[in-house]
Structure formats: structure tokens, C-alpha cells
Amino acid sequence: MPSDTPINLYDLTRPALGELLSGWGYRPHHRDVVWTGLYRQQARALDELQGLRPDLRSRLGEHTRLGHLTPHHETFSSDGHTHKLLLRLDDGQTIETVLMRFKGRATVCISTQAGCAMGCVFCATGQMGLSRHLSPGEIVGQVLHVQRILRESGESLRNVVLMGMGEPLHNYEHTMAAVDVLVDPLGLALGPRFITLSTVGVVPGIRRLADEDRPVQLAVSLHGATDAERAALVPAGRRWPLDELMDACRYYIDKRKRRIFFEWTLIAGRNDTVEHAQTLGRLLGGLDAHVNVIPLNPTVGYDGGPSQPASVRAFQDVLMSHGVPSTVRQRRGIDIDAGCGQLKSAVERRTRRSLPTSP
Ligand code: SF4
């Protein structure tokens, strides 16, 4: 029996939209008119879609909708480069999206889940747990939202990083449907080289990515180079130990002929010593790998602090001695809770404080 719930058009890839319309008797040309209206003209409502036959417009009005995300809260970093948004979904959940502008390039960091099941100890989202997966349209909707912001100032979006709330490979189908929409040449046409998917190391997902050749750059969060040290920071490391994870990474690199970026959050005294760097260098030496080292964004629920600049430099020197290149990623927007999940946590804390207490 057909569902009465209107379909969110942003949930559909172009082939899926084509199937819907061909089921109603329309040709691929009509699919492309709707598609360019959604993603090239970026119509805000169904009646803004241009060039539609009246019968198709009324059919769309009966069975579909455009699901927009509602701004709930936003903050700007003091340097003006980072704009953090808390966006509300239809069911009242909120997710974070971060727009970063530097040197004329704009990057958006988007969420793939409301909350996260992976439980990384230093991460405010991990401290919340998972509420639910996002739909493809809720993932794409974050990109559309920031594109509207950028258009007002004549800027355009270059990079998308799937590194916000959630583990993208834990929501594989919806994330990949969203990626297909983002790179579609008749729509947003974002460059596959400019979409980065960051995973905590979900081994089956990495192998599937390698087999399916999805148009993304892969980043793997390591944070520890022995199973015991990694599992203390990243509980998912108990499920997918390092030997399995590194086998999957080698499989990906061999099959796709593509470099993997490894993320290493540097936490003072916990994983930032020369010995830690030696272990990491031995683990990655010989692989087509690049390490992004990121001094920790402190969170309320974790007592660790960021590494000092001298420790960061020493860490990089050791990696280089193993032939492993690295880059220090800046902690942008630290004054606005820009680390993953921090704005949502801060807003919820403020809301709780302002609620009247029961007698
Ligand atoms: S760091 Fe990423 S994978 Fe880990 S808990 Fe946070 S959102 Fe989830």
C-alpha cells in the first residue's frame, strides 16, 4: 500500500527521482527539469520549480515536499572565519554544521547522524550517544543551507567534510546517497576530490568503500597506534583491532590507488610523546598515508588538554623520519565550541539551566 507520507525530494538521487517520475509516466527529461530546479536554481518551495508541466507540478505537490533544516542557534568565531550552526530537523533533533572560510575557500563540515554510537571519550558527540541516522536529504540539506549563506556574499563552496556529528560508515547507505547527490554533474557538481569522509575505523565500511569506488577521500581517525592505547580513546578499536583496520586500509589503498589520511588528535601526555610518534611511524611507514595531527579541542566531559607546540613539532619530526608526511590542522573556532558536538552540548546545558526547576 502506498505511503501517505510525502517524500522529501532531497532524499532522492537523480536515478531514484527518475524512477519515481517514470512510475507516474514521465520521461527522463522531466526528471532533469525537477533536478536542476532543486540543485541549480535551488528553489525553496515546490511552486518555485521552473518549467514544470502543470500536471507534474500538482502530482509533486500531492506526494512530495522539500525538507529544509531550520536554524536553531548559531555562533561566529572571534576571527570571523568559522560559523557554527545548530540546525533543527523535523522531529526536533538538532545537528551541527560548521562553515569555515579561509583564503577565499569555503569548507563545510557536516553531520551524518544525530549523536553518535562510537563513544570516543574526548568527543562531545560521543558523550551524547546515538539518537538516529540522518536521511540523505538531511545530510544534503546542510550543504544547501550553507550554500545559501555563501551565495549572499558571492562566495562558493569548495570542500565538504563528513566529519561532523556521527560516524558516516555507520550510516553507509544514506551517506552514500547524499554523496551521489552532492557530486551529480547536473546538480551541485562538487568535485569528488573535495569531499572527505572521516571514519573512526569501521572496517566493513572501509572495505565496501574500496569495492564500490565511491567518490570521496578517506580519512581514518587513529588517535592510538597500539590496540590498548587506541581502545582507551576510541572504544570502536575493541571491535575492529588495528591489524584488521590496517588490513582494510591496505586493501583500500591497493584497490583504489588512493592515499588515506589518518587523523591523530594530540592530547597532552596521553598520545603525543616521541614514543607514541615512533609507534605510529612504524604502523604507517611504507603506506601511501598522510597524517593530520589535531591538537585536542577540550570538552567539558573529558579532562585531557591539547599538546604544546613543541610536542607537536617533535611528533611530526619523528613521523617524517619514518617517511610519513603530516600536517597540523588548526583548531578553528575554539572560542565558539566548534569541536564536534560541543555547540549542541553547550546549548542544551544553557537550556537546562534556564528551565524552571520543579518545586
Ligand atoms: S569523534 Fe566522530 S566517531 Fe568518535 S564519537 Fe565523535 S562523532 Fe562519533
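So here's what we get for this one:
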item: Apportionment of accessible area to carbon and sulfur, the chain, percent (1.4 Å); result: 51 percent
item: q = 0.07, 0.11, 0.13 Å⁻¹, the chain: log10 I(q)/I(0) [Debye, one scatterer per Cα]; result: -0.32, -0.78, -1.05
item: DSSP-defined beta bridges in the chain - what % are antiparallel, rounded to 5; result: 45 percent
item: Cα-based Rg and Dmax for the stretch 103-258, where Dmax is the largest Cα-Cα distance (Å); result: 15.9, 49
item: Among LEU21, GLN41, THR5 the positive-end extreme of the charge dipole of the stretch 1-52 (Cβ point charges); result: GLN41
item: Accessible area per residue, Å², the stretch 139-179 with all protein chains present, probe 1.4 Å; result: 32 Å²
item: Relative contact order (percent, whole number), the stretch 1-133, Cα cutoff 8 Å, 6+ residue spacing; result: 14 percent
item: Rg/Rg_globular for the stretch 205-341, with Rg_globular taken as 2.2 N^0.38 Å and Rg from C-alpha atoms; result: 1.05
item: Gyration tensor verdict on the stretch 262-302 (Cα atoms; rounded if a/c is under 1.5, prolate if a/b is larger than b/c, oblate otherwise); result: oblate
item: Share of Cα-Cα pairs in the stretch 189-284 lying beyond 21 Å, as whole percent; result: 33 percent
item: Tensor-based shape of the stretch 48-152 (alpha-carbon gyration tensor, a/c under 1.5 rounded, otherwise prolate or oblate); result: oblate
item: 17 Å Cα-Cα reach of LYS344 towards lysines, excluding residues that sit fewer than 8 places from it in its own chain; result: LYS84
item: Convex hull of Cα atoms in the stretch 121-173, direction-averaged projection (nm²); result: 4.7 nm²
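The values are calculated or read from the model by the stated rules, or taken from the named source; none is laboratory data. This is a predicted model, so every value here is computed, not measured. All Cβ positions, even for glycine, are placed from backbone atoms using ideal geometry, and neighbour counts span all protein chains on display. All accessible areas refer to the heavy atoms of the entire protein, side chains included, with ligands and DNA or RNA removed. Shrake-Rupley method; radii C 1.70, N 1.55, O 1.52, S 1.80 Å.
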